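Okay, so here's the structure we're looking at.
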Amino acid sequence: MTSFNVRTLDAASGRAIISDYAAHVLSWVPAGGQEVIWTPSTLRFEDGQHLGGGVPICFPWFGPGFAHGHQTAKTPLHGFARARNWRFDEQSFTGDHARFILDAAQLQPGDAPWLDDEPASDFRAVYDVTLGGGSAVAEAQTVASGVHVPSESANGSPVTVSVPSRSLPSQLLPSQSLTMALTVTNTGDKPMTFEAALHSYLHVGDVAGARLSGLEGATYLDATESGFPPKTQDTSEVAFGDFEVNRVYYSDASLELHDDVLGRTIHIAKSGSPQTVVWNPGKAGGETMSDTRPDAAEWRGFAAVEAAVCRDRAVTLAPGASHTLSQTLTVA
Ligand SMILES: O=P(O)(O)OC[C@H]1O[C@@H](O)[C@H](O)[C@@H](O)[C@@H]1O
């Protein structure tokens, strides 16, 4: 039977939960604050399938992929990295930092070729998740709080789990942050090209009232229209509602997601990312999402804001070269 490990970072500044499977951040609660990461009401762990919500790592392609100036039709959507077990690095684990590793040795038949006419490249992907703004709680306690989740029930059907919650101090601490950094190194002997995104499902009280600022004047591709026509963000804020928002912005700017319902602003700073993808499926798309209850309108609970390198900004690495895509979330 396959088992799934879920790791907990536990520091004075807050608590984060990350699954080895897909190196998937499932939760971040700053001390004294509320959940920042959205997950659906049902979180299903099943080998070969991706987890819902959280922060999927899209790699080595984004969406259906893109090569030679055209969208491709690769599956699974957003690359295989989010349907693979990543290796948890026990040695570097502390109360406020965890590292996960995926390398070419873990490729499976069907993962290659990842470009139309090239075989899969040798690579090493290292994902560092770090809580900022407070010293760590004892490491032993953090290790002990990891849980093991069997992948199948006795009758062979996938199991579902709830992410555990726990009360935290009521005073928000300064400099509370969660940093996620994906470093990809070309370990092969020929150039390697990849797309990537940190597909962050950010939790909001009601997406219809959420507003994203920091993108005014930026060019974006509108993925809700055929051909992805380029447009310009001519207002100071991106609004959400019953309509779908699905855009690839050409911007490396820091962003703010304003949420009047929860009374907070999520700040998103990033590096190594010339693009930001902004997505919410709207009512029609949201009600057909798997793992959510349509009657509860769960899709209203998130806005996806994704630090990205994709399409014509895909990264090409020379042998031995590395690229780091990172984002830091803070809440005010
Ligand atoms: O695969 P997930 O997590 O359901 O996300 C799908 C969405 O991911 C977004 O990044 C894309 O812009 C959307 O086009 C896509 O529908």
Between Val261 and Lys190, with labels modelled 7 Å along Cα→Cβ, what's the label distance in nm to one decimal, could you check? 5.0 nm
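Using per-residue counts of other Cβ atoms within 10 Å, averaged over each peptide, order 44-53, 16-25 from highest down.
Working: 44-53: 18.5, 16-25: 25.9.
Those peptides, ordered most packed to least, come out 16-25, 44-53.
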Whichever lysines have a C-alpha closer than 19 Å to that of Lys190, once near sequence neighbours (fewer than 8 apart) are set aside: none
Neighbourhood charge, 13 Å Cβ-Cβ cut-off, centred on Trp299 and excluding it, Lys, Arg +1 and Asp, Glu -1: -4
Once amide hydrogens are built 1.01 Å from N within the peptide plane, the residues lying 5 or more places from Asp103 or on another chain with amide H under 5 Å from its amide H are Ala125
Using modelled amide H (1.01 Å from N, peptide plane; none on Pro or chain starts), what sits under 5 Å from the amide H of Ala321, excluding residues fewer than 5 places away? Asn186
If amide hydrogens are placed 1.01 Å from N in the peptide plane, which non-local residues have theirs closer than 5 Å to the one on Phe4? Val149, Ser151
Diffing the range 211-228: the Karplus 3J(HN,Hα) column from phi (6.51, -1.76, 1.60, θ = phi - 60°), in whole Hz with x for Gly and Pro, holds 9, 10, 10, x, 10, 4, x, 6, 7, 9, 9, 8, 7, 7, 10, 5, x, 6
Would you list, by chain and number, the lysines whose Cα falls below 30 Å from the Cα of Lys283, excluding same-chain residues fewer than 8 positions away? Lys74, Lys231, Lys270
When the Cα centres of the range 77-107 and the range 199-275 are compared, how far apart do they sit, in Å? 28 Å
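Bear in mind that the values in this text are calculations on the coordinates, not laboratory data. Note that the structure is predicted; figures quoted are calculated from it, not measured. So basically every Cβ, Gly included, is an ideal-geometry build from the backbone, and we count neighbours across all protein chains shown.
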